[in-house]
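Heads up, the thing below is written out as structure tokens.
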Amino acid sequence: MKRSIGLRSLFLLATLVPLLLALQPSPADTRPQHARPQKARLIRAEPSRLKPEVVAMNAWTVGLAGGLLEGAPIRLAAEVARVVDDGDNLHVLPVVTRGATENLNSLLYLRGIDAAIINSDALEEYKSQVPDIQRRIAYVLNLFPSELHVFVRPEIKTLSDLAGKKVNFNSQGTAAAYSGPLIFSRLGIDIEKTFIPHQIALEQMRKGEMAAVVFITSKPVDAFVKGRFEPGFKFLPVPYESKFEDYYLPAALDAADYPNLIKQGDRVATIAVPTALVAFNWPASTNRYERVARFVDHLFSRIDKLQGPGFDAKWKSINLGATVPGLARFPAAQAWLDRQPRTTQASQ
């Protein structure tokens, strides 16, 4: 019996030895975990060891803050990247951010961002934080105006009727959510602000639970073109006054934009928020300045491609010479315009 138990033990031990050996760490596995990616860290830490083509790729890459994935600015940024791409000579990276109103923050503080698409009144928030903001940021291109649409229920006759009532400004991160409350503050009208998707707010309007919705986007807006509303639903006029001269432009809505809501021949005065492509005002002769200057040259020289088939229709209305209220033009952009014949500039 004892002999039988001993044989069993030896057999079990012989079975377990290979398994135990297999579970032992190999010499490579006994090295500290942090030692494995040493080569990768070394490449990042010592640019002098990088291959010339890697250095060139980084030297001519421009980070472009575009905004929310579902927004128009990131789509325009992606189209710009397609058109200006020039291999290692120029590579534009559109960056998804928390929204066009956050893009200025990214341009000021996020590493790797050289340019951004912003709404001009985003500068207002930084006046106290960055007193010299208008010297640190310069515009490259006035992309398109985003018209203010104040859409109200039948019982609302004037802007002052909205005092104390619910007004929706779309979801946080959108142009309406930032610029809308700022505009109403300048108008001196105290309202109950809500920030929910406009589709939900429009249904609440129909039920009488919401007095108005505020859109800030390029006209025409599909929700008003395709939507069906009871008689009396309308856009309120917002006259362009001196209080808007710093960041805004005069604009209008008419029957051509919204034939179901505006009578033929009528015109609803409003204001527009310029959406602009801006750049950090890097010191001249630095690599960051030179890469933005190359980006400007490629963009301006190829603007006709963006205005052709397959790209957003907004490009067709862009004027390279248009200014942006509150900002100076990026020096390389101004230099490019100065080199063009006067007849060319007049047609832009």
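Residues that are assigned to a helix (DSSP H, G or I), touching a residue at least 12 places away in the same chain (Cβ under 8 Å) and open to solvent by 20 Å² or more (accessible area, probe 1.4 Å) within the stretch 176-192 comprise Y178, P181, L182, R186, L187, listed in sequence order. Here L320 clears all of (1) touching a strand residue (DSSP E or B) at 6+ places or on another chain (Cβ under 9 Å); (2) at positive phi; (3) of a type outside the set (V, I, T) except the condition numbered (2).
State whether one or more residues within the stretch 193-204 are open to solvent by 10 Å² or more (accessible area, probe 1.4 Å), part of a strand (DSSP E or B), in contact with a helix residue (DSSP H, G or I) (Cβ under 7 Å, 6 or more places away or on another chain) and at pLDDT below 95. No; the residues of the stretch 193-204 include none that is open to solvent by 10 Å² or more (accessible area, probe 1.4 Å), part of a strand (DSSP E or B), in contact with a helix residue (DSSP H, G or I) (Cβ under 7 Å, 6 or more places away or on another chain) and at pLDDT below 95.
Note on the stretch 210-225: residues that are farther than 21 Å from T158 by Cβ and either touching a strand residue (DSSP E or B) at 6+ places or on another chain (Cβ under 8 Å) or part of a strand (DSSP E or B) (or both) amount to 5. Limited to the stretch 78-123, what total is found for residues that are among the acidic types (D, E) and either under 15 Å from the mean Cα position of the chain (by Cα) or under 10 Å from L64 (Cα atoms) (or both)? The number of residues fulfilling the criteria is 4.
Look at the stretch 105-118: where a residue is under 16 Å from T275 (Cβ atoms) and a partner is open to solvent by less than 10 Å² (accessible area, probe 1.4 Å) and of a type in the set (S, T, Y), sitting 6+ places away or on another chain with Cβ atoms under 7 Å, you get I117/T275. Is it the case that some residue within the stretch 292-306 is farther than 30 Å from G87 by Cβ and either over 26 Å from the mean Cα position of the chain (by Cα) or among the polar types (S, T, N, Q) (or both)? No: zero hits. Among the conditions (1) modelled with pLDDT of 95 or more; (2) among the aromatic types (F, W, Y); (3) closer than 16 Å to G326 by Cβ, Y247 misses just one, which is (1).
Among residues of the stretch 132-157 that are under 14 Å from L104 (Cα atoms), those with a beta-carbon under 7 Å from a residue that is hydroxyl-bearing (S, T, Y) and surrounded by fewer than 21 Cβ atoms within 10 Å (Cβ to Cβ) at least six positions away or on a different chain give the pairs I133/Y126.
Scanning the stretch 311-334 for residues that are among the basic types (K, R) and in contact with a Phe, Trp or Tyr (Cβ under 8 Å, 6 or more places away or on another chain) returns K314, R329.
Return the residues of the stretch 165-175 that are among the charged types (D, E, K, R) and not in a strand (DSSP E or B); say none if nothing qualifies. The one that is among the charged types (D, E, K, R) and not in a strand (DSSP E or B): K165.
The values are calculated or read from the model by the stated rules, or taken from the named source; none is laboratory data. Only a predicted model underlies this, so the values are computations on that prediction, with no experimental measurement involved. So basically every Cβ, Gly included, is an ideal-geometry build from the backbone, and we count neighbours across all protein chains shown. Only protein heavy atoms, including side chains, enter the accessible area calculation; ligands, DNA and RNA are left aside. Shrake-Rupley method; radii C 1.70, N 1.55, O 1.52, S 1.80 Å.
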